[in-house]
Structure formats: structure tokens, C-alpha cells
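What follows is a single structure, written as C-alpha cells, with notes after it.
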Amino acid sequence: MPVTGKIIKSIAGFYEVYSGGTIYRCRAKGVFRALKQKPLVGDDVEIDITDTVSDPKEGNVARLLPRRNDLIRPNVANVDQALLLFAITNPAPSYNMLDRFLISMDRRGIPAILCFNKQDLAIETQIRELTGVYGNCGCRLLFISTRNPESMEEVRVVLKGKTTVVTGPSGAGKSSLINFLCPGAKMETGELSRKIARGKNTTRHVELLHAGENTFLVDTPGFTSLYLQDVEAEDLKAYYPEFTPYAGHCRFQGCNHLMEPDCAVKKALEEGKISRIRYTSYTEIYAELKERKAVYR
Ligand code: ZN
């Protein structure tokens, strides 16, 4: 009888499959090569168990179940959401970088949770400012401290039953967050990096970290998809949901909300209905996308 599980790690031709609290070390049958299907970390699979006595237990991946989505970097399937972790302070968030993260996730159709850490170090006005900037950005906002177990419970609720990509710049407290939620992760990560250091293969290994029943995290060190290669400057405005209620009232159809006359978005900006910080990051990213086009085409 095949059982269903989830591929949580892929190392040297083996797949580690998590099923009902047990990890099975599996080979993928040749049939996938014939079908040109490559199982990915995050794939839901059916496995035939071949050995329940060995440690780890063993099996064969028999069938890939339908894949909902896949990311290239990190190369992982069936991602439900992304948690973007930034510090409120020490270091203060780079709005430009944060907006790139949001655009990059939106572009992939992955809902983002914007999680601000270090609440214990922040003052009220800093939190109020961030709420003002991101309150209408279309994603969920969380203010937490990895040192406060109560706020970590809020994070747990948001992650429960899902596979979540966790990303953020250095200094945001990502390691503390992951170690809190996945107590086994630290050790595994250490073991894995030793293996990589020993071998010549420098391919970055992706793994799902177990954070509770049907709950997995993907730690993404150096998330690099910040260049927004495939976004046209004219399409950028679609990634700012707070512009949407006004955009239809601009004088020109296809208004980019920059120098155009009678722009309803700029009017809303002047009236304080749109965050100036978000608008500024929009104009900066717009200019960068335009410039890149001029250089490379
Ligand atoms: Zn406009």
C-alpha cells in the first residue's frame, strides 16, 4: 500500500520523505526520468515503503502528486506563502528592498506576510510609521519579538498547516525565528553545511524544516530574486494595491502616476491617503526598471 508524504530534502540522489511523523529515505524510480519529471523538495508524493527496520526507514517514490507551484530560487514546490522578516529597528528596514521582496512574491502569486521583529527594541512611533506605510499594501502585518514567546505564538498560528518560505535581510533575526519554531533545525543545518563543506558540490541544498503538523518552513539564505528581471516599468503600478482605488480616476488611461497632469494617485498622495514612503519607492524602482531597459535593449 503506497503512503503519501512530502519531500523535505534531496541529497545525492536520495529524497527524504516526511509522512505522518516518520522520515523515509527514498529513491525515485526510473519512471520519472522517462516522464522527464524531477521530484522537487516540497512535492507531495506517494511512496512504496520497502524497509521499516532500517534507520532511516526506506522506500521508493512511486508517484508525484499534482504540483501547485514551484519556485526557482529556492528550487521548491508547493509554497503556500512567504514570510518576509525585517527588523523594526537595529537595523531599520530598507523600504526599497522590502518593496522589491513584496513585488517579487506578488509576481509569483505567493501571498506575503510582512513580519517586523525586535518589537522589544522599538518605540511606539516606529511601529506607527510602519503601520502607516504598509497598512494598505495588501499583505498581512505582524509585529513580533523572537524574545517574546507570546508574539511567537501569533507567528505559529499564521504558519500552521502551510509551507512557508522565510526570507529577509541579515540582522532581521531570521535564525532566531527559525530556531524557535523548528527546534531541530539548528542541528540539521549544521550537519548539512559540514557535508557541503566536505564535498566539492557547491549546489545550495534546499530543505523543508518541520515546524509542527503539516507545517514546514523553507529557510532562504541570500534570497536573490531582487532584480525583478521580468517586470516592465509600466506594469510596476499593479504591484501597489493602495494605488488601485484612485488609478481609474487619472486623466490618462495607462497613467504611470509620475509627471502626468490630473493624476488621481498623486492627488491621493498629497492628501495623505497614500504613504509617501511607498510612493517614493515606487518612483525609484520605476526609474531603475526604465534605466535597465535602456542599457540592455
Ligand atoms: Zn495617475
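Considering each of VAL158, VAL166 in turn, give the residue that is open to solvent by less than 80 Å² (accessible area, probe 1.4 Å), in contact (Cβ under 8 Å) with a residue 24 or more places away in the chain and either under 18 Å from ILE274 (Cα atoms) or assigned to a strand (DSSP E or B) (or both). First the steps, then the outcome.
Working: VAL158 fails: either under 18 Å from ILE274 (Cα atoms) or assigned to a strand (DSSP E or B) (or both).
Among VAL158, VAL166, only VAL166 is open to solvent by less than 80 Å² (accessible area, probe 1.4 Å), in contact (Cβ under 8 Å) with a residue 24 or more places away in the chain and either under 18 Å from ILE274 (Cα atoms) or assigned to a strand (DSSP E or B) (or both).
Yes or no, residue by residue, for (1) of a type in the set (Lys, Arg); (2) under 27 Å from THR146 (Cβ atoms):
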{"residue": "THR4", "(1), (2)": "no, no"}
{"residue": "LYS9", "(1), (2)": "yes, yes"}
{"residue": "ALA34", "(1), (2)": "no, no"}
{"residue": "GLN37", "(1), (2)": "no, no"}
{"residue": "ASP55", "(1), (2)": "no, no"}
{"residue": "ILE72", "(1), (2)": "no, no"}
{"residue": "ALA92", "(1), (2)": "no, yes"}
Take the stretch 128-154 and flag every residue that is crowded, with 16+ Cβ neighbours inside 10 Å and hydrophobic (A, V, I, L, M, F, W, C). LEU130, VAL133, CYS137, CYS139, LEU142, PHE143, ILE144, MET152
Does the stretch 57-64 contain any residue that is open to solvent by less than 40 Å² (accessible area, probe 1.4 Å) and assigned to a loop (DSSP other than H, G, I, E, B)? no
For LEU228, which of the numbered conditions (1) loosely packed, with under 12 Cβ neighbours inside 10 Å; (2) away from the ligand (no atom under 13 Å from the Cβ); (3) modelled with pLDDT under 95 fails to hold? (1)
Note on the stretch 8-19: residues farther than 14 Å from ILE49 by Cα, of a type in the set (A, V, I, L, M) and part of a strand (DSSP E or B) are ILE8, ILE11
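What residue, among those in the stretch 1-16 that are surrounded by fewer than 19 Cβ atoms within 10 Å (Cβ to Cβ) and not aromatic (Phe, Trp, Tyr), is nearest to the chain's Cα centre (by Cα)? If you could, list the steps in order and put the result at the bottom.
Applying the first criterion (surrounded by fewer than 19 Cβ atoms within 10 Å (Cβ to Cβ)) to the stretch 1-16 yields 1-4, 11-14.
Next, from what is left, pick out any that are not aromatic (Phe, Trp, Tyr): 1-4, 11-13.
Numbers: MET1: 35, PRO2: 31, VAL3: 29, THR4: 25, ILE11: 22, ALA12: 25, GLY13: 26 Å.
If we take residues in the stretch 1-16 being surrounded by fewer than 19 Cβ atoms within 10 Å (Cβ to Cβ) and not aromatic (Phe, Trp, Tyr), then ILE11 is nearest to the chain's Cα centre (by Cα).
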Would you be able to tell me the number of residues in the stretch 234-280 that are more than 11 Å from the ligand (Cβ to nearest atom), open to solvent by 20 Å² or more (accessible area, probe 1.4 Å) and among the basic types (Lys, Arg)? 2
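May I ask you to verify whether ASP219 is within 25 Å of the chain's Cα centre (by Cα) and either within 14 Å of the ligand (Cβ to nearest atom) or modelled with pLDDT of 95 or more (or both)?
Numbers: within 25 Å of the chain's Cα centre (by Cα): yes; either within 14 Å of the ligand (Cβ to nearest atom) or modelled with pLDDT of 95 or more (or both): no.
Judged against the criteria, ASP219 is not a match.
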Cβ-Cβ under 9 Å, sequence separation 6+ or interchain: first residue in the stretch 81-103 and assigned to a loop (DSSP other than H, G, I, E, B), partner at pLDDT 95 or above and charged (D, E, K, R). Which pairs? ILE88/LYS118; THR89/LYS118; ASN90/LYS118
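Quick one: which residue in GLN81, GLN119, GLN37 is over 20 Å from PRO241 (Cα atoms) and buried (at least 16 other Cβ atoms within 10 Å of the Cβ)? Give the steps one after another, and end with the answer.
Working: GLN81 fails: over 20 Å from PRO241 (Cα atoms); GLN37 fails: buried (at least 16 other Cβ atoms within 10 Å of the Cβ).
Just a single option satisfies the conditions, and that option is GLN119.
The values are calculated or read from the model by the stated rules, or taken from the named source; none is laboratory data. Source: prediction; values computed, not measured. So basically every Cβ, Gly included, is an ideal-geometry build from the backbone, and we count neighbours across all protein chains shown. These area figures cover heavy atoms from the full protein model, side chains too; ligands, DNA and RNA do not enter into them. Shrake-Rupley method; radii C 1.70, N 1.55, O 1.52, S 1.80 Å.
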